[in-house]
Every structure is written in structure tokens, then in C-alpha cells.
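The values are calculated or read from the model by the stated rules, or taken from the named source; none is laboratory data. The shown structure was predicted, so the numbers you read here are calculated from the model rather than taken from an experiment. Because the Cβ atoms are built from the backbone with ideal geometry, glycine has one as well, and the counts that use them run over all protein chains shown.
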Amino acid sequence: MPQQPTLAIQRPQPGHLVVSLDGSWTLHTSPPPPAEFLAALDDSVRHLAFACGGLDDWDTRLLIFLRTVIAEARSRHIEMELAGLPPGAQRLLTLAETVPEKTTYDKSVRETLVTRIGRATIILFDQIREVAAFTGEIVLEFLTLFSGKSPFRARDFFYFVQACGVESLPIVSLIAVLVGVILSFVGAVQLQMFGAQIYVANLVGLGMVLEMGALMSGVIVAGRIGAAYAAQLGTMQVNEEIDALRTIGISPVGFLVLPRMLALMLMLPLLCIYADIMGILGGSVIGVTMLDLSLVEYLEQTRKSIQLSQCGQGLLKASVFGVLIGYAGCLRGMQCGRSALAVGEATTSAVVTSIVLIVVSDSIITFIINS
Amino acid sequence: MTAPAPAITIKALTMAYGSFVLQRDLNFAITRGDIFVIMGGNGCGKSTLLRHLLGLKPPASGSIWYGEENFWELPEEDRARVVRKTGILYQTGALWSSMTLAENVALPLLHYTDLPPADIRDLVAFKLSLVGLAGFEEFYPAELSGGMRKRASLARAIALDPEILFFDEPSAGLDPISARILDELILELRESLGATLVVVTHDLASIYTIATNSVFLDGDSKTMLATGNPKTLLQECTNETVLNFLTRGTGKREVRTV
């Protein structure tokens, strides 16, 4: 059991104050607050000394107390004698005071509103320039692809095709089937009231083909692949791997970004077709089990309700989403700073940017086609 | 006899991030065949200077000359041609983590030469054996220790037989023995390749072992304080900051290579 820390004040002669610190002054004990003691340092005190005969144990707690006392005594021009303190404490106090002030990194300057607006504007313009440069580089590298001088490696491309295509199938299946089920449930409740259950097939079919197939596979791929791209490129940025490519004259866009983007552009429409089919199958399960429709009847109704041009609309959306997700993921990865924190931010930002772009572009495409 | 022509000349160079100036008025020349050390405390701009030299970041003002060519005034293709004659060993190694060692070393060769695959395989095996990594062709960077990664990165840096080799803190993160082995390897390679070496470091043991010339960048006064052979500087330099750095703050003018 540590001894309770105590503090006693003695006045051996007028104007002289001796503080004796006893017990255990550590972070695990609660010493008397310094305020009481500071009150004793009035104008009559001219000399301050310490006595630590009864001090068993001390750590930073004691030093913090002493620093407060010393600062106060100094501001009142009281003469101090530190000789009574433990030698280790004296040395640490001296050390803490001799740390040189670094003036080069002065961050304490307060910025005015105008400065902040100005800085934000400069950053905004820098970002616009960066995005434009990145876009331009993608276009140029895409053109060199046909000249045969591109550093593009087919092996990387096929690797990414596998990662965003085949390996996404299980999760896309699950989500698409469930979306089909949800759509048919929502429709069934209303349509059953009019005895028009068969039109559930139209609802599910059109819903999947026009909208949900592309949207759902887009969102899944944004989370799975967009985030992975940002994290991969961000980590390469941190490890100076991208600088290493630049210095041997290989364009990181041609070498790293293009295979990733092209793989997504190819695979997302295919995933969308797959999601459409899975969604329709999901809907048919509800149609057959709950609405007493036969499977053939349901599928025939679906076939009649969907036109090829409508499938085309879904595919167009999926292709656009593929470009946008690849673009956002790679952009955020290439913009990544040089720390672990920055990689995390790049990943989050890639997913958020992709999803915003997906929804916005979806609205625009739907509006243009239907007006 | 005239003095050998400088490989790199730096004239009135100012380095800055936005309005934050790192260094100003840098003037020095790196002679062909030298092992030139850029030294200085943390955060004084050593690595930024390398980025300027490698064409990764344009300097705020001033010029960098490779031989007779003003590097940052050159059109981009010519700048790439200049950089192609250099190799660099990054602080972290910066091997491409998705490729094996053989592919890492082979990539610059594939990109710049038309050699048949068999020749490239031989070249890669030879470069890897130069740095003591024969037989590690099929390993991925993550499967190697820090020292091995540095050496593999060196093999990649010398893949195209560069005229100038840059090293960014080669001994950072290495134990004293691996650091010494790397230093010896650096000396050996200079002898045999006849390359000019530019080394950014603050490892004193390394500085005294390898350097033939140096420049000292100071973060507080934001400029270079001294240039010359570090051993000579140790004996003759009168600047307190430089002397403090070269003697680890003890002020004793004796070379201590551990």
C-alpha cells in the first residue's frame, strides 16, 4: 500500500519557505492539489527551498507539481533552491527546460477567414488540375495501347478480370437473388388485390433489367474492387513503388491503372447480365411458391415484358459504372499521401466517390433515355 | 591536366513545398566517378533534393545540369532519356510487391531493350548474383528480409548499367553488419561499373567509409553549410553545426568508423 502523499510548509525564518514533500508522489496516488500551496506563495516569500527526507517514491506526478510551483515562483521572482529535491528529479527538470524551441515549424499562427478561403480555393484548383491531368494521362496511355509501346501487361489484365469477375460471382448471386425476391414481394402485395399476380413477372423483370441489375452489381463492385484498387495503388505510393516506376520511365497509368480499368469495363456489363438473370430467378421463386404461378408461365411473362433495347439500357449503365468505379478507385489510389492513414482515407474516399458517381450517372442516363 | 567534368551541377537551387522553403541557394557539383554524399539532419530536404534530381518534382527555382544539359528545361522525352541513365535505390527498397525479384529486375530491361527472353533471364540471374541473391529469382519482396530487399532493389537499380546511381538512405533500417555489407557492395560496384554515386544518408559510419565528396544541408539556416570530403571537413571545418553533426555532437575531431 503506497503511502499517502503529503505536503507541509515550514517557515524557518521570515521570508523563507521550506516545502517538505512526504509519502509517495506517483500517478497512482492523489497528492494535494497545487492550488492550496500556490496560495502560500504570497509577496512575503523571498526564498523557496524543498525538503524531501520523507519522500518514498516519485514519478512524473511530482515533476508536474514541481513545474507548476517553479513557474509560479519564477513569475513572482522568488529565489529558489532545488538542492533538496531528489537528484533524478533535478536532472529531469533541467532537461525539460533545455529542450530548444524549434522555430522552423511554427503552426500556431491563427489564420483569418480570408486566408482560409484563399487556401481552400488554391487547393480546389490544384485538385481540378490533378483530376484533369490524370484523365488526360489515361486517354493518352489508352491510345498508346494500340501503338504497342504501352507497358500494359496482359497477365495483370487477366488477373484483374478474374478478381472483379469470377470472384465477385458469389456475392453478386446472393444480392441479386434477394433483390429479385424483395421486388416480387413488394409487387405481389399490391397486384394480388386486383388478381393480377402474373404482372409480378413484369415488375421483377423490368426492375432488374433496367435498373437493379446494373445498380447492385455496381455497388458491390465499388465496395469490393474500387476499394481494393485504391488500397493497392495507395500502398504502392507509400512504398515509393510508383516513384520507382516513374524513374525508370514507365508510366504508372499505363502499367497499373489501365489493366485495372479495362478489366472493370469488361467485367461489369457481364456481371450485370448475370445479376439480371439471378434477380429474375429470385422473383420466380416467390411467383411459384406464393402466387401459384407455374415456372413456365412466369418465365414466359418475363420474356414478353422485356425488350432487347431495355436490356441495352441496363448494359449501358453497367458499362458507364465500370468506367467510373475504375476511375474513382485508381484516382484516389494515385492521389494517396504517404502514410497508413492516407491509404485508409483513399479507400474510403474511393468507395464514396464511386457510389456517388454511380447514383448520379444512373439518374442522368435514365433521364436522358426516358425524356 | 584538367579536372574531370562534373556529372551533375546544381546552380542556385531553391527547394520549397508551397511557401515553405526547405533549402535555398544550393550550389555544388558532383564530379564523375565520385561517391558524393548528401548529408544533413532529419527534414532538411535531402530526399526532396533526390526527387528534383530524378525528375519527380520540379524545383522552386534554380537549375540542375546533367553534364551540359539543363535538366528541368529539357522537353519531357529528353528528361526521360537522362533519367534512364540513372538508377536509384529507394529508402524502403520500393520493389514492386506484386512481382517476383526476377520480374522486378527484368522490367527495366524489357521496357528499354529488345533482348530475347533467354538473355533477359541470364542478365537477371547475373545481376541478382552480383548482390548475393542468386537463386532468389522466384521470391516475392514480402518473403525477404529488409537487407535482402535493399540488395534486390540495388540489383534492379543496376539492371541497365547506369552512369549515375542514387541511394536514398541505404543503411536506414539495417543492422550494422548488413549496413556494412551494403557499403562494401556499393564500393565494389563503383569500382567495377565506374559509375558516379550519389548517396543521401546521415549514417556517419557509412559517410566516412564510402564518401569521396559531400555536401552538408542544414535545416535551420535552410542552406548548404559545407562541401568537401567528410574526413577533410572533420579536420578543417570551422562551422559548429557541421562539426556537431560529423562528431555526433561530441566535438572530437577523430574518425570513428564502427
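Which residue is surrounded by the fewest Cβ atoms within 10 Å (Cβ to Cβ), if the candidates are limited to the stretch B:16-63 and must be part of a strand (DSSP E or B) and within 14 Å of chain A (Cβ to nearest Cβ)?
Going through the qualifying residues, I end up with B:F20.
Given the options A:G54, A:G88, name the one that is touching a residue at least 12 places away in the same chain (Cβ under 8 Å), surrounded by 10 or more Cβ atoms within 10 Å (Cβ to Cβ) and not hydrophobic (A, V, I, L, M, F, W, C).
Selected residue: A:G54, the only one of A:G54, A:G88 that is touching a residue at least 12 places away in the same chain (Cβ under 8 Å), surrounded by 10 or more Cβ atoms within 10 Å (Cβ to Cβ) and not hydrophobic (A, V, I, L, M, F, W, C).
Read through the list (1) facing chain A (nearest Cβ under 8 Å); (2) more than 29 Å from B:M39 (Cα to Cα); (3) modelled with pLDDT of 85 or more, then give the number of the only condition that B:P116 fails.
(1)
Show the residue pairs that are 6+ apart or on different chains and have beta-carbon atoms under 8 Å apart, the first residue being within the stretch B:56-82 and of a type in the set (V, I, T), the second being not in a strand (DSSP E or B).
Sorted first by the residue in the stretch B:56-82, then by its partner, the pairs are B:I64/B:H52; B:I64/B:L53; B:I64/B:F71; B:I64/B:W72; B:V82/B:G55; B:V82/B:F71; B:V82/B:L74.
Can you find a residue in the stretch A:146-153 that is free of Cβ contacts under 8 Å to residues at least 24 places away in the same chain, polar (S, T, N, Q), farther than 26 Å from A:S251 by Cβ and loosely packed, with under 13 Cβ neighbours inside 10 Å?
Looking through the stretch A:146-153, none of the residues is free of Cβ contacts under 8 Å to residues at least 24 places away in the same chain, polar (S, T, N, Q), farther than 26 Å from A:S251 by Cβ and loosely packed, with under 13 Cβ neighbours inside 10 Å.
Inside the stretch B:141-178, can you point out the residues that are surrounded by fewer than 18 Cβ atoms within 10 Å (Cβ to Cβ) and part of a helix (DSSP H, G or I)?
Those that are surrounded by fewer than 18 Cβ atoms within 10 Å (Cβ to Cβ) and part of a helix (DSSP H, G or I): B:A142, B:E143, B:G146, B:P176, B:I177, B:S178.
What number of residues within the stretch A:228-241 satisfy the criterion of being surrounded by fewer than 23 Cβ atoms within 10 Å (Cβ to Cβ) and hydrophobic (A, V, I, L, M, F, W, C)?
Residues meeting the conditions: 3.
Within the stretch A:12-51, count every residue that is of a type in the set (K, R) and loosely packed, with under 11 Cβ neighbours inside 10 Å.
Count: 0.
With the requirement that a residue be within 14 Å of chain A (Cβ to nearest Cβ) and assigned to a strand (DSSP E or B), what does the stretch B:184-233 give you?
Residues satisfying the conditions are B:V198, B:V200, B:L217, B:D218, B:T223.
For residues that are polar (S, T, N, Q) and without any contact (Cβ under 8 Å) to a residue 60 or more places away in the chain, scanning just the stretch A:284-308, find the one that is farthest from A:N202 (Cα to Cα).
That would be A:T289.
Could you tell me whether A:G279 is within 14 Å of another protein chain (Cβ to nearest Cβ), part of a helix (DSSP H, G or I) and not acidic (D, E)?
no
In the stretch B:64-84, which residues are more than 21 Å from the chain's Cα centre (by Cα) and either hydrophobic (A, V, I, L, M, F, W, C) or crowded, with 17+ Cβ neighbours inside 10 Å (or both)?
Answer for the stretch B:64-84, where residues must be more than 21 Å from the chain's Cα centre (by Cα) and either hydrophobic (A, V, I, L, M, F, W, C) or crowded, with 17+ Cβ neighbours inside 10 Å (or both): just B:L74.
List the number of the failed condition for B:Y140; all other conditions in (1) within 29 Å of B:T31 (Cα to Cα); (2) out of contact with any strand residue (DSSP E or B) (no Cβ under 7 Å at 6 or more places or on another chain) hold.
B:Y140 satisfies every listed condition except (1).
From (1) over 15 Å from B:R156 (Cα atoms); (2) among the polar types (S, T, N, Q); (3) surrounded by 18 or more Cβ atoms within 10 Å (Cβ to Cβ), pick out the condition that doesn't hold for B:N104.
Condition not satisfied by B:N104: (1).
Just checking, how many residues over the stretch B:161-175 are without any contact (Cβ under 8 Å) to a residue 40 or more places away in the chain and farther than 14 Å from B:G146 by Cβ?
1
Scan the stretch A:287-326 for residues that are under 41 Å from the mean Cα position of the chain (by Cα), assigned to a helix (DSSP H, G or I) and under 15 Å from A:M208 (Cα atoms) and jot them down.
The answer is A:L308, A:S309, A:Q310, A:C311, A:G312, A:Q313, A:G314, A:L315, A:L316, A:K317, A:A318.
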